[in-house]
Amino acid sequence: MSTQAFSPLRKKLDTPQAAEYLGLGKSTLDKLRAAGGGPTFIKIGKRVVYDPTDLDAWFAAHKRTSITESTATAA
């Protein structure tokens, strides 16, 4: 979960927009959401949206300095 406060004024991204923002395919983001381990999302009814702040935090948590470094667990 993001440590930053929820910002209702900042534009939220739907799944295709969030996938593009992260440089991932929509289906990859869908699978990460279903299986766990993906970025934090907001679900309102059937609608799923992402806060760019959460996407940035999730992306930053996956930075590595070598291929042997262990992977981070989902926040």
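Nothing in this text is a laboratory measurement; each read-out follows from the coordinates by a stated rule. What you see is a predicted model; the values in this text were computed from it and never measured. We place every Cβ from the backbone using ideal geometry, glycine too, and count neighbours over all the protein chains shown.
Structural remarks
- For Ala60 and Arg10, the difference between the fully extended length at 0.36 nm per residue and the C-alpha to C-alpha distance is 16.1 nm.
- With neighbours defined as other Cβ atoms within 10 Å of a residue's Cβ, the residues Leu32, Leu22 order from fewest to most as Leu32, Leu22.
- Qualifying lysines (Cα of each under 22 Å from Cα of Lys46; at least 8 residues distant if same chain): Lys11, Lys12, Lys26, Lys31
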